[in-house]
Amino acid sequence: MIKRIAVLTSGGDAPGMNAAVRAVIRAGLYAGKEMFVIYDGYRGILEGKIKQVNKEFTQDIITRGGTILGSSRLPEFKDVEVQKKCVQILRDLDIDGLIGIGGDGTYRGLKDLSKLGFPVVGIPGSIDNDVSSTDYTIGFMTALNTICDCVDKIKDTSSSHQRCSVIEVMGRHCGDLAIFSSIAEAAELTISFDHPYDEEHIFKKLRKMKVQNKSHAIVIVSENLLDVHELGKKIEENTGFKTNVEILGHLQRGGAPCAFDRILASRMGACAVDSISEEGGKVVGIIDEDVVAMDIDEALERPRNKHENLLKLINMLQ
Ligand code: ADP
Ligand code: F6P
């Protein structure tokens, strides 16, 4: 029976991570466990940044953006010797379970700890929605709302000047922020991993809009696919639209979590505590409205949802 559980946040921070930390600690205490926090992700294990916490620690954190535990990226954690050292540090403190909140990379680290016999559970926290074992990651909905807020504002000014705006959104290997925000903002064009682009199509569409005297055009692009400044220049040269380029960047990761993320994080945190066991690593996720636990190996092998239905909708409505 697992008695002493630690929680950490790792990888890119996401709004709602604090709500998940709160839920893990409170659900653990409720179940009679002793609860610990680890600062700065996996690096904090190596550096011994670990402390026992009580309920007071979680006061007033549900509304806060970022992660109060801090996060880090630790490439050396892929080394099995480093992983063994981390397990030993946790065991020396009599900590017998670890809950990690993060994305795909964090899950791979947890899986390795689990292979060393250490009980773990992963909670999906990432603005990218890039974890295939859940319909939504904690932070995605807040980041989506932030993007919509920004694009609304950009539209106000671009329509006053009849401009085209090329807007780059985050999503390292996953186009969900681009796809969902394109629908919510009625973008004229979307370029993402699963919605590839064809320059001629883009120019043709924008030229037509210019001729029709449309007041503005919004092009939403996923990061890491192309140079948006180059695209902006080409649009100006080929369509007659004066073009602004906006890279929304890290502001997409900030801000207080929306209600959806706070509730999702609370449900997942409680489920994570409930699921931790010596019988192998687990992750939690929301699938068709239910928060469920599944095997970490199975989770990491699940194919990513490409949202074919939403891509069809984009093609129909653009
Ligand atoms: P995210 O969890 O948001 O995907 P990263 O990909 O940066 O973020 O991963 C977070 C951390 O997880 C990394 O800094 C590293 O310590 C650990 N990690 C990532 N990939 C692996 C892997 N293949 N094996 C073990 N640990 C990993
Ligand atoms: O994983 C979340 C994310 O925000 C990605 O969308 C982005 O590519 C990446 O993190 C940027 O991370 P950082 O600037 O912290 O290295």
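Restricting the search to helices (runs of 4 or more DSSP H) fully inside segment 1-110 and requiring at least 2 residues that are of a type in the set (Gly, Ala, Ser) and in contact (Cβ under 8 Å) with a residue 12 or more places away in the chain gives 17-30, 41-46. Scanning segment 26-36 for residues that are crowded, with 24+ Cβ neighbours inside 10 Å and either over 13 Å from GLY97 (Cα atoms) or under 18 Å from the mean Cα position of the chain (by Cα) (or both) turns up nothing. Of the residues making up segment 134-163, those that are under 22 Å from MET294 (Cβ atoms) and crowded, with 24+ Cβ neighbours inside 10 Å are THR134, THR137, ILE138, GLY139, PHE140.
Within 16 Å of ligand 1 (Cβ to nearest atom) and among the charged types (D, E, K, R) - does that describe any residue in segment 168-185? Within segment 168-185, one or more residues are within 16 Å of ligand 1 (Cβ to nearest atom) and among the charged types (D, E, K, R).
Within the option set LYS233, LYS204, LYS312, LYS208, being under 23 Å from PHE140 (Cβ atoms), free of Cβ contacts under 8 Å to residues at least 24 places away in the same chain, charged (D, E, K, R) and not in a strand (DSSP E or B) holds for one residue only, LYS312. If the condition is being within 16 Å of ligand 2 (Cβ to nearest atom), in contact with a strand residue (DSSP E or B) (Cβ under 7 Å, 6 or more places away or on another chain) and closer than 15 Å to GLN318 by Cβ, then segment 176-208 contributes ALA178, ILE179, SER181, ILE191, SER192. One residue alone among GLY269, GLY254 is more than 25 Å from LEU317 (Cβ to Cβ) and away from ligand 2 (no atom under 16 Å from the Cβ), and that residue is GLY269. Of the residues making up segment 173-194, those that are touching a helix residue (DSSP H, G or I) at 6+ places or on another chain (Cβ under 8 Å) and surrounded by 21 or more Cβ atoms within 10 Å (Cβ to Cβ) are ASP176, LEU177, ILE179, PHE180, SER181, SER182, ALA187, LEU189, THR190, ILE191, SER192.
With respect to (1) outside the structural domain of ILE62 (by TED's automatic domain parsing); (2) of a type in the set (Lys, Arg); (3) farther than 21 Å from LYS155 by Cα; (4) touching a helix residue (DSSP H, G or I) at 6+ places or on another chain (Cβ under 6 Å), the lone exception for ARG262 is condition (1).
A Cβ distance below 6 Å, combined with a sequence gap of six or more or placement on separate chains, defines the contacts here; from segment 163-174, residues that are in the same structural domain as THR243 (by TED's automatic domain parsing) and closer than 13 Å to VAL228 by Cα reach residues that are near ligand 2 (Cβ under 8 Å from one of its atoms) and not in a strand (DSSP E or B) in the pairs GLU168/GLU223; VAL169/LEU177; MET170/LEU177; MET170/GLU223; MET170/GLN252.
Can ASN244 be described as part of a strand (DSSP E or B), over 26 Å from the mean Cα position of the chain (by Cα) and surrounded by fewer than 18 Cβ atoms within 10 Å (Cβ to Cβ)? Break it down stepwise before answering.
Numbers: part of a strand (DSSP E or B): yes; over 26 Å from the mean Cα position of the chain (by Cα): yes; surrounded by fewer than 18 Cβ atoms within 10 Å (Cβ to Cβ): yes.
Yes: the conditions hold for ASN244.
Exactly one residue among GLY16, GLY28, GLY11 is assigned by TED's automatic domain parsing to the domain that holds VAL131, more than 13 Å from ligand 1 (Cβ to nearest atom) and touching a Ser or Thr at 6+ places or on another chain (Cβ under 7 Å), and that residue is GLY16. If only residues of segment 37-64 that are within 16 Å of ligand 1 (Cβ to nearest atom) and of a type outside the set (D, E, K, R) are counted, the one that is farthest from the chain's Cα centre (by Cα) is LEU46.
Here LYS153 meets each of (1) free of Cβ contacts under 8 Å to residues at least 12 places away in the same chain; (2) within 12 Å of ligand 2 (Cβ to nearest atom) with one exception, condition (2).
Candidates ILE314, ILE276: the one that is over 18 Å from ARG108 (Cα atoms) and more than 21 Å from the chain's Cα centre (by Cα) is ILE314.
The values are calculated or read from the model by the stated rules, or taken from the named source; none is laboratory data. Worth saying up front: this structure is predicted, and the values here are computed from it rather than measured. Please note: Cβ atoms are built from the backbone with ideal geometry, for glycine as well, and neighbour counts cover all protein chains shown.
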